[in-house]
Structures are given as structure tokens and as C-alpha cells.
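The values are calculated or read from the model by the stated rules, or taken from the named source; none is laboratory data. None of these values were measured; they are calculated from a predicted model. Every residue, glycine among them, receives a Cβ derived from its backbone with ideal geometry; neighbour counts consider all protein chains shown. Side chains included, ligands, DNA and RNA excluded: accessible areas come from the protein's heavy atoms. Shrake-Rupley method; radii C 1.70, N 1.55, O 1.52, S 1.80 Å.
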Amino acid sequence: MEKLVIKGPTPLKGEVTINGAKNAAVAILPATLLINGSCTIENLPNISDIKISCEILEKLGAKIKWNTKNSITIDTSNLSTTTAPLDLTSKFRASYYVIGAMLGRKGEIEVGMPGGCKLGARPIDQHIKGFESLGATITTEKGTIYAKAQKLTGAPIYMDVVSVGATINVMLASVLAEGTTVIDNAAKEPHIVDVANFLNTMGADIRGAGTDVIKINGVKKLNGNATYSVVPDQIEAGTFMLAAVATKGDIVIKNCITKHLESITAKIIEVGGNVEDNIDSIHVWCDKRPHKATIKTLPYPGFPTDLQPQMGVVLSLANGNSIIHESIWDSRFQYTEELNKMGAKITAQGKTAFFEGVKKLTGSPVYSSDLRAGAALVIAGISADGITEVYNLEHIDRGYENIEEKFRKLGANIKRINE
Ligand code: EPZ
């Protein structure tokens, strides 16, 4: 079993470069299934979710060539099957994008129920509602989803909840549909815009991505023969910004889009940190104990749920009592029990957690319950006195390329050990 062993406390100092966005890349890869040809994707994060996505595409008949560890050329001219490997698709959440893409390309797909981080109920009713509005029939049986369509026809679709996954999936299914699809109450996250930009680069006609109404005029085919670079990861950048505050450090975060980080910047300033916005890099530093704050997670442009645990570390060390209300997921406070083992004083009740700020955390063995919880525990370990051992690294490796290497370059005493 692997673990990260961290000796703290260390104020992080230096520069870190952000990779491409996981949640954009895991949608762009299946989106290539809509292309009858090949394309090159650059700035892919080298993480386990991407490797599994590539394996799924290869099992469907795509040919993938790795140009570098962050770039692939993918040829989806000849797909050989409409059955996605059930064992792989059930390993992570974004495998559901194969449904929208394969409905568009082949009018048919059989796929395992998506897995992914255990954050509470993760229904896909809005995805299904969208596909059905376009003319598809969706049935589920014993953990397998069967989707079929003789023909997809554009339609108006109102999303009952703001959903990243459903917005992207319906966008994928409607790119090659006949006529116009309008998605109302769409999600607006940077990765939605990135997937739309990718598809438009390949020949799609999508307008309004980044607003809550997206209009997709169906086109006859996507051409490929283009190169696309994935947008920098908003959440990875935010993770290092919050690490700078929690460790009372001073970090320049390079290759990020600071516009995507405004809600995080606002909260860092509110808790007493400093932020200098240089458009494609951001400088964050903090030389005192953070102030208390109240946080509510919201869809973009609100404070992202995927930075809630990392913010929880900052607030566990704040001067005063703080509150976090998690409005997206039912069960995203599992990390608080681990922080309490390190001396934090957090009481989580349902979707709200109360933080009684403590002066310091103390090293302890801790277990990550999901990807962002894992990142939060690493930050906690770097800011804590003594030795922290972080277990369940498979969660962290799903979404962060070389996390220990990046923190080590910032001065952290951190190493990966295989027990
Ligand atoms: C995406 O998940 C991200 N995953 C998550 O990131 C992120 O936490 C989440 O969006 C919110 O920003 C990927 O992009 C692969 P949703 P997704 O559909 O698409 C409800 C991380 O750490 N809902 O926007 O699955 C749902 O229950 C991960 O990187 C329905 O009710 O999230 C939730 O309350 C974890 N019906 C809310 O909407 C549906 O059909 C938002 O979910 C779909 C969703």
C-alpha cells in the first residue's frame, strides 16, 4: 500500500505550474468519438482518470498515440464496437460522456453505471431526460445503461438542476443531431466552455457556452485534423492557492486563468491572505493566521465544491469560528473526521460544517475518502507539526499529476512510500 509521508510544518514558497483541467479532459477525450478522423490533444493532465479514459476509447476501436506524457493523437475513424468495457466505465464518473458521444456517432451504446468519488447520491436523471428529448431510448438493467436512437433531433431542454455532467453530455449528443438544441439552465464552469471550444474547433456549431443558455446547431460531421490544448485546471490552481494560505506560504501559480479563480481570490482576501493577479499567473501569500469566514459552495461562478475540503483546512486553522455550507453534494465532509484526528475542531451536520479554529494541527495517519479530500489532507500535513501519513492515494492520483513532486519543489518535506 502506498502512502505519502509528510513532515511539517513548512511554509510553501516558490513557483508551481498548473496542468490541464481534469474535468475538461475527461469530457474532451470521449468527445473525440464524434470525429470521423484524427486530432491531437495537448496539455492533458497525466493522471489515472485520463489513462482509463484512453483505455475505454481504445476498447471502442480508437487508435491512440502518445506524443509526450501530456499529448496524444487519437484516430476515431474506425470504431469497432458499441459496447464499452463495463469494468472500466464503472471505475470513474466521467465514463458517462461515452453515452452522449456514442449516441451522436453511432446511435447506440452499452455502458456500465458510472463510478467515481463517493460524495452522496449522484443521479443521472438530467442526462437521461436530455437524451430522451433528442429522441433516444435509455434503459438500465443490472448496472448497465443501454442507449439507442434511430435518429437524434434537436430540441429545447430545460435542466431541472444545474449539472456539469448533464450539460456536457447533452451537448455531445446534440452536436450531430438534426436541427437546433437549446439547453436552458446550463452549467457555466470553465470546463463546459472548453469542451464547446474543442467541439467548435473540430467543426461543431455551439454558441453560448459559459452562459446559462447554450444553443447547438447540429452539423453533418466533425472533421478533426486539428490540435487542441486543454484549459488550465481551475481546481488544481485553487488547491495551490489555498495551500499557500494554510501553510502561511508564498506561491506563484503559473499557467492558470485568473478569471476562473475569482471566487477563490475573494475568499482568500476575506480571510486575510494576499493575492496578486497577473492574468496567466497568480501570486498568493499569507503571513498571519487566517480570519474566520462563511463559505457556501455553488455552481460556477460561485465557490467550487471541489475546493471546499482545501478551504476547510484553512478554516480549521482560522482565528474564530467558521461555517461551510456544502450545497452541491450530500456527503463531502468525510475529510473533517480526519482533520479532527490532527487536532482540528470541526462538527459536521448534514451539509453544514462548523469550524472552531485551532492554532495548529498535529501530524497523524489519515485516510482520503475522495480526490479533493486527499488534496486537503496533504495540505493539512504540510501545515501540521510532526509526521502525517496520508493513505488511499488512488483517489489523489485520479486528479493531480505528480502532487508530491509539485509540493516538494515548493519546499514541502513529502515522500511517497510503498509499504
Ligand atoms: C462534476 O461532477 C465534476 N466531475 C465534480 O468534480 C464536481 O464536484 C461537480 O461537477 C460539481 O462541480 C466531473 O466533471 C467529472 P453535477 P458531476 O452533475 O457532473 C445533481 C472532482 O473532485 N444532479 O454538476 O457529476 C447532483 O446530485 C469531482 O473533480 C442531479 O440531480 O456533477 C449534484 O447535487 C467530484 N441529476 C448536482 O446536480 C443529474 O442528472 C451537481 O452535479 C445530475 C446531477
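Give me the one-decimal Kirkwood hydrodynamic radius in Å for the chain, with the sum taken over alpha-carbon pairs.
On the way: mean 1/r = 0.0460 Å⁻¹.
It is 21.7 Å.
Could you tell me the center-to-center distance, by alpha carbons, between the range 322-355 and the range 143-188 in angstrom?
Value for the Cα centre distance between the two parts: 34 Å.
Looking at the range 22-229, what % of the alpha carbon pairs are farther apart than 23 Å?
In whole percent, the long-distance tail amounts to 36.
Determine the calculated [θ] at 222 nm for the chain from helices alone, applying -39500 (n - 2.57) to every DSSP H run no shorter than 4 residues and normalising by the residue count; nearest 500 deg cm²/dmol.
Values: 14 runs with 134 residues, N = 419.
Value at 222 nm, helices only: -9000 deg cm²/dmol.
Within the accessible area of the range 255-337, what % is carbon and sulfur when the probe is 1.4 Å and the other protein chains stay in place? All intermediate terms of the calculation are to be shown ahead of the outcome.
Numbers: 1760 of 3350 Å².
Carbon and sulfur atoms account for 53 percent of the accessible area of the range 255-337.
Can you tell me how much longer the chain between residue 81 and residue 180 gets when fully stretched, taken as 0.36 nm per residue apart minus their C-alpha distance, in nm with one decimal?
Values: separation 99, 0.36 × 99 = 35.64 nm, distance 2.82 nm.
Contour length minus Cα-Cα distance gives 32.8 nm.
Using all C-alpha to C-alpha distances in the range 167-274, build P(r) with 5 Å bins and read off the rounded percent in each one.
2, 12, 19, 17, 13, 11, 9, 8, 5, 3, 1
Tell me the label-point distance for the pair residue 58, residue 1, using the 7 Å Cα-to-Cβ offset, in nm and rounded to one decimal.
3.0
Kindly express, to the nearest 10 degrees and within the range 0 to 90, the angle between helix 371-383's C-alpha long axis and the longest C-alpha principal axis of the chain.
20
Per residue, what accessible area does the range 22-229 have, given a 1.4 Å probe and all protein chains present, in Å²?
On the way: 7980 Å² over 208 residues.
About 38 Å² of surface per residue is accessible.
Counting other Cβ atoms within 10 Å, keep those with at most 12, restrict to DSSP loop, and tell me which trypsin sites (Lys or Arg not before Pro) in the range 207-243 are left. Mind showing how you got there, number by number?
On the way: sites: 207, 215, 220, 221; in loops: 220, 221.
Hits after loop and neighbour filter: 220.
Tell me, what is the per residue accessible area of the range 291-380 in Å², probe radius 1.4 Å?
Working: 3220 Å² over 90 residues.
Per-residue accessible area for the range 291-380 comes out at 36 Å².
What part of the accessible area of the range 22-229, given as a whole %, is carbon or sulfur when the probe is 1.4 angstrom?
Numbers: 3820 of 7980 Å².
That fraction is 48 percent.
Can you list the lysines whose alpha carbon sits under 29 Å from that of residue 151, skipping same-chain ones fewer than 8 residues off?
59, 63, 106, 129, 142, 188, 215, 220, 221
Can you compute 3J(HN,Hα) from phi for each residue in the range 18-24, using the Karplus curve 6.51 cos²θ - 1.76 cosθ + 1.60 with θ = phi - 60°, rounded to whole Hz and x for Gly and Pro?
8, 7, x, 6, 4, 6, 7
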